[in-house]
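Contents: one structure, followed by commentary.
The values are calculated or read from the model by the stated rules, or taken from the named source; none is laboratory data. Computed from a predicted model, the values in this text were never measured in an experiment. Glycine gets a Cβ as well: all are built from the backbone with ideal geometry, and neighbour counts include every protein chain shown.
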Amino acid sequence: MPSKRVLIVGGVAGGASCAARLRRLDERAEITVFERGPDVSFANCGLPYYVGGVIQDRQKLLVATPQRFRDWLRVEVRTRHEVQKIDRANRTVEVQDLQTGGTMTEPYDVLVLAPGAVPIRPPLPGIDLPGVFSVRNLEDADRIQAWIGSRHAQRAVVVGGGYIGLEMVENLSRRGLHVTVLELLDQVMPTMDPEMVAPVHAELRGRGVDLQLSNPVAAFEPAGLPSPSGSGVAGEGLTVVARNGRRLTADVVILAVGVRPETRLARESGLEIGSTGGIRVDDRMRTSDPAVYAVGDAVEVRDFVTGRPALSPLAGPANRQGRIAADAICGRDARFRGSQGTCVVGVFDLTLAMTGATEKTLQAAGIPYEKSYTHSPDHAGYYPGAEMMMIKLLYHPEDGRLLGAQAVGAAGVDKRVDVLAMAIQKGATVYDLEEAELCYAPQYGSAKDAVNMAGFVAGNVLRGDVDPVHWTEWKACRRAPTEGRAPTEGLAPTEGRAPAEGGAPAEGGSGGEMPLVVDVRSPAEVAAGAVPGTINIPLPVLRTRLGELPRDKEIWVHCGVGQRSYYAARILKQNGFKVRNLSGGMKTYKMQE
Ligand code: FAD
């Protein structure tokens with residue numbers, strides 16, 4: 001006699017996790033998984049790398065087979081079975097066998113919805129033409145592989161610069177295709193702050209990718225169609241028309257403009273849907289019907305930092321939620337803590353990762369924050385191969401609680417963001433980062449790790465040791481109406497220009513006056529490139545030249561990455577000057593250009 005009959009809709013990340021955990025907790029439950037596709041528990045995250053040939057053995061993407069579910073877990077898996085309808089009153093589902101066309105009614109005590117998310121296909125002319133693909137499952141990847149192979153495809157257009165789009169760009173390039181990216185926004189990876197993805201733009205372009213920002217797709221046409229100007233290219237393939245009128249010839253198009261929760265079953269059965277469009281669940285993954293649970297990309301989660309409803313279509317949350325639902329079904333007090341949106345993406349030689357809130361989300365939620373930028377090597381600078389990474393921390397300006405972190409670099413980015421993700425989940429502050437005791441040997445890290453450094457810099461700000469200012473404020477100053485103010489007398493601007501076109505600092509500048517910006521790098525560094533309108537007083541001679549600096553106006557200092565300017569700021573502050581440190585130095589300035 002089974003303890004309960006559990007039906008699970010969807011057999012990949014959330015559904016498969018739930019089934020496996022359920023069995024481990026309840027040997028007597030009768031568990032059946034219905035999966036519309038031919039495979040269960042496959043690695044959708046590996047699909048771009050399968051298309052690119054990095055993963056060559058298709059079998060490797062099948063993490064578990066229906067047979068293994070049967071043999072190891074005594075879980076019944078029915079592939080090519082689609083759940084069509086839920087009858088909540090009678091606790092049954094209607095299932096169609098997609099191979100025979102037959103339908104059956106299956107009763108349940110508990111139903112778990114794990115149907116995932118649907119790739120968005122905007123209603124554009126030609127969107128259904130052959131050769132325009134979305135990437136959701138192994139069959140999609142197989143179709144893309146076959147299409148590229150059979151047509152000897154050479155030109156691809158990837159629509160959308162989110163992480164799936166970027167992974168496809170890298171893998172199509174790896175296969176030798178010339179790739180154009182059409183992105184609606186003025187940045188790729190829209191979940192991150194713009195300055196953090198600037199290096200990705202450079203990396204893509206450096207790799208020969210034609211990155212078209214603020215230029216979304218408008219239509220798809222068979223390539224043989226004449227264009228309005230009569231310049232249509234005859235032959236196979238597609239013409240992708242961008243909003244700016246550019247016409248691109250493509251052998252294959254990948255649509256990666258995002259996903260939306262698959263909620264048809266939930267909606268039609270009257271389950272509550274949240275404001276973001278995901279199925280509404282509580283922290284035990286229960287829907288508005290206590291007999292129905294929902295997990296994964298289909299559900300609305302609570303943003304861990306802002307507390308607001310959010311969608312978080314990522315594999316980690318889906319797997320954890322599947323496990324939590326199983327615990328809850330078996331009477332355990334497991335609760336989902338909310339999603340931090342922790343994610344990582346590799347783009348050629350760069351790694352980009354984030355956790356928690358971005359500036360954009362904090363602003364939208366009206367949460368106050370301070371930010372700091374640090375540039376640190378991934379391991380000891382004296383050990384060969386050290387590579388710099390930039391970390392952006394967002395933290396509460398009063399108590400220093402961490403709100404978000406983003407990082408970009410070549411090596412070690414994932415490790416730092418993982419540490420910061422855990423710190424955020426445990427409610428840590430920037431002071432905790434100063435004290436974090438992390439792995440160190442020269443080839444792995446530094447005695448003062450990149451995470452410690454990020455904590456030191458933020459801690460210095462909160463303790464009042466240094467007042468930060470951001471390049472965005474400098475730029476705002478420069479954009480403000482000109483009053484033709486000259487730099488402080490006796491000091492030549494770095495490039496022989498006035499420090500700015502005038503105007504008051506956006507925030508914090510004293511008395512509406514343009515601050516004096518002092519670059520404390522060496523003359524050789526300055527000669528190699530300087531911020532217009534700044535003056536140069538190298539750090540080693542700063543103490544001897546204090547008399548040249550004004551005491552009645554604010555001085556902003558900067559250097560390469562923010563370390564020497566911090567020293568300079570401390571010298572100036574202790575000598576009675578009004579001084580602020582431009583966060584992250586030239587490196588950060590360049591990322592915001
Ligand atoms: P899915 O894993 O999508 O499974 C849902 C399943 O339900 C589907 O197989 C579907 O066929 C089935 N189904 C739907 N409706 C029915 C029905 N009515 N009856 C029967 N079956 C049904 N996340 C990361 O964190 N890191 C990554 O690197 C990453 N890379 C990705 C790369 C790609 C190309 C894709 C597509 C996704 C990637 N993701 C990544 C996202 C991650 O795969 C998803 O967040 C995760 O799989 C969601 O799990 P899920 O169980 O909610 O849905």
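Just need a number here: residues in segment 528-567 that are part of a loop (DSSP other than H, G, I, E, B) and within 25 Å of GLN592 (Cβ to Cβ).
Within segment 528-567, residues that are part of a loop (DSSP other than H, G, I, E, B) and within 25 Å of GLN592 (Cβ to Cβ) number 15.
Test PRO309 against the stated conditions and say whether it is surrounded by fewer than 20 Cβ atoms within 10 Å (Cβ to Cβ) and under 23 Å from ALA291 (Cα atoms). Yes, satisfied.
Can you name the residue in segment 568-586 that is in a helix (DSSP H, G or I) and among the basic types (Lys, Arg) and is also surrounded by the fewest Cβ atoms within 10 Å (Cβ to Cβ) among such residues?
Residues of segment 568-586 that are in a helix (DSSP H, G or I), as a first pass: 568-574, 585-586.
In the following step, the residues that additionally are among the basic types (Lys, Arg) were identified as 570, 573.
On the way: ARG570: 16, LYS573: 18.
The selected residue is ARG570.
Filtered by the rule that a residue be under 22 Å from VAL344 (Cα atoms) and part of a loop (DSSP other than H, G, I, E, B), segment 28-56 gives SER41, ALA43, GLY52, GLY53, VAL54, ILE55.
Screening the candidates VAL12, VAL33 for the property of being farther than 13 Å from ASP327 by Cα and either within 8 Å of the ligand (Cβ to nearest atom) or without any contact (Cβ under 8 Å) to a residue 40 or more places away in the chain (or both) yields one hit, VAL12. Residue check: GLN59 meets all listed conditions (1) at negative phi; (2) loosely packed, with under 15 Cβ neighbours inside 10 Å; (3) outside any helix (DSSP H, G or I); (4) away from the ligand (no atom under 14 Å from the Cβ) but one, namely (3).
Out of (1) within 24 Å of ARG284 (Cβ to Cβ); (2) modelled with pLDDT of 95 or more, the odd one out for SER41 is which? Exception for SER41: condition (2). Within segment 370-387, being crowded, with 18+ Cβ neighbours inside 10 Å and free of Cβ contacts under 8 Å to residues at least 40 places away in the same chain holds for one residue alone: ALA386. Across segment 540-554, the number of residues qualifying as crowded, with 16+ Cβ neighbours inside 10 Å and either of a type in the set (Val, Ile, Thr) or over 10 Å from VAL518 (Cβ atoms) (or both) comes to 3. Of all residues assigned to segment 286-294, at least one qualifies as being at pLDDT 95 or above, in contact with a Ser or Thr (Cβ under 7 Å, 6 or more places away or on another chain) and not β-branched (Val, Ile, Thr). Of the residues that sit in segment 272-286 and are of a type outside the set (S, T, N, Q), out of contact with any Leu (no Cβ under 8 Å at 6 or more places or on another chain) and in a loop (DSSP other than H, G, I, E, B), which one is surrounded by the most Cβ atoms within 10 Å (Cβ to Cβ)? Step by step, filter segment 272-286, then rank; the result is MET285.
Tell me which residues, restricted to segment 348-376, are out of contact with any Phe, Trp or Tyr (no Cβ under 9 Å at 6 or more places or on another chain) and not hydroxyl-bearing (Ser, Thr, Tyr). Once the filter is applied, which keeps residues that are out of contact with any Phe, Trp or Tyr (no Cβ under 9 Å at 6 or more places or on another chain) and not hydroxyl-bearing (Ser, Thr, Tyr), segment 348-376 yields PHE348, ASP349, LEU350, ALA353, MET354, LYS360, ALA364, ALA365, GLY366, ILE367, PRO368, HIS375. Applying the criterion of at least 1 residues that are within 17 Å of ALA447 (Cα to Cα) and in contact with a Pro (Cβ under 9 Å, 6 or more places away or on another chain) to the strands (runs of 3 or more DSSP E) found wholly in segment 352-409 leaves 388-395.
Could you please find all residues in segment 252-283 being within 21 Å of the chain's Cα centre (by Cα) and either farther than 16 Å from GLY116 by Cβ or modelled with pLDDT under 95 (or both)? Answer for segment 252-283, where residues must be within 21 Å of the chain's Cα centre (by Cα) and either farther than 16 Å from GLY116 by Cβ or modelled with pLDDT under 95 (or both): ILE254, LEU255, VAL257.
In segment 260-285, the residues that are away from the ligand (no atom under 14 Å from the Cβ) reach residues that are in a loop (DSSP other than H, G, I, E, B) and acidic (Asp, Glu) with C-beta atoms within less than 6 angstrom, at least six apart or across chains, in these pairs: GLY274/GLU300; THR276/GLU300; ARG280/GLU272; ARG280/GLU300.
Whether any residue in segment 295-309 is closer than 16 Å to PRO115 by Cβ, more than 20 Å from the chain's Cα centre (by Cα) and in contact (Cβ under 8 Å) with a residue 40 or more places away in the chain is what I want to check. The answer is yes, given that some residue of segment 295-309 is closer than 16 Å to PRO115 by Cβ, more than 20 Å from the chain's Cα centre (by Cα) and in contact (Cβ under 8 Å) with a residue 40 or more places away in the chain. Right, LEU22: part of a helix (DSSP H, G or I), closer than 14 Å to ASP109 by Cα and more than 9 Å from the ligand (Cβ to nearest atom) or not? Yes; evaluated as a whole, the condition is true for this residue.
Being within 26 Å of ARG564 (Cα to Cα), of a type outside the set (D, E, K, R), in contact with a Gly (Cβ under 9 Å, 6 or more places away or on another chain) and part of a helix (DSSP H, G or I) is the requirement here; does LEU438 meet it?
No, not satisfied.
Taking segment 302-328 only, how many residues are within 16 Å of the ligand (Cβ to nearest atom) and farther than 20 Å from TYR163 by Cα? The total comes to 8.
Residues that are part of a loop (DSSP other than H, G, I, E, B), of a type in the set (Val, Ile, Thr) and at pLDDT 95 or above within segment 208-251 comprise just one, VAL209.
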